[in-house]
1. Would you be able to say whether some residue in the stretch 80-92 is β-branched (Val, Ile, Thr) and surrounded by 13 or more Cβ atoms within 10 Å (Cβ to Cβ)?
2. Is it the case, given these coordinates, that Ala8 is surrounded by 13 or more Cβ atoms within 10 Å (Cβ to Cβ), of a type in the set (Gly, Ala, Ser) and either in contact (Cβ under 8 Å) with a residue 40 or more places away in the chain or more than 20 Å from Glu90 (Cα to Cα) (or both)?
3. What tally of residues in the stretch 34-45 results from selecting those that are surrounded by fewer than 18 Cβ atoms within 10 Å (Cβ to Cβ) and in contact with a Ser or Thr (Cβ under 7 Å, 6 or more places away or on another chain)?
4. Is it the case that the stretch 82-100 has a residue that's under 25 Å from Val9 (Cβ atoms) and charged (D, E, K, R)?
Amino acid sequence: MTTAQFDAVSLHETGQRAILGAILMPKDPAVHELAVTLVRAEPYHPDMAIAILKLVRTHVQAPIGTAHYYFPTFEQQACATESAGRFANEGFSGVEPRAVARG
């Protein structure tokens, strides 16, 4: 698969077959926070972004009480900001966590 072929099935809603993103965790294992970022050229619908974030939360082994954050990329920022209440209601704050931000 070429780079262009991979981009075509991962970075665009039409024809998307793969989801790109990252899970960010602080260096200090005593700080129970993690953040998820999703990558795509077009914004994810909030329902889809929340479904992906829940899937990640379900499959990442983290201590009970771990705070989960959504770090939207530039392309996701406007939609995430408009739907911040929905993300928060599902347990995903859009506020930058202190430990992940400190590195």
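The values are calculated or read from the model by the stated rules, or taken from the named source; none is laboratory data. Just so it is clear, the structure is predicted and the values come from calculations on it, not from any experiment. Because the Cβ atoms are built from the backbone with ideal geometry, glycine has one as well, and the counts that use them run over all protein chains shown.
1. Checked the stretch 80-92: no residue is β-branched (Val, Ile, Thr) and surrounded by 13 or more Cβ atoms within 10 Å (Cβ to Cβ).
2. yes
3. Residues flagged as surrounded by fewer than 18 Cβ atoms within 10 Å (Cβ to Cβ) and in contact with a Ser or Thr (Cβ under 7 Å, 6 or more places away or on another chain) within the stretch 34-45 amount to 2.
4. no
Residue-wise test of (1) closer than 19 Å to Leu24 by Cβ; (2) modelled with pLDDT of 90 or more.
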position	(1), (2)
Ala49	yes, yes
Leu53	yes, yes
Gln61	yes, yes
Ile64	no, yes
His68	yes, yes
Phe71	yes, yes
Ser83	no, yes
Ser93	yes, no
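Each row is one residue, and each column tells you yes or no for (1) under 16 Å from the mean Cα position of the chain (by Cα); (2) hydroxyl-bearing (Ser, Thr, Tyr); (3) outside any loop (DSSP other than H, G, I, E, B).
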site	(1), (2), (3)
Ala4	no, no, yes
Gly15	no, no, no
Ala22	yes, no, yes
Val31	no, no, no
Ala35	yes, no, yes
Ile50	yes, no, yes
Arg57	yes, no, yes
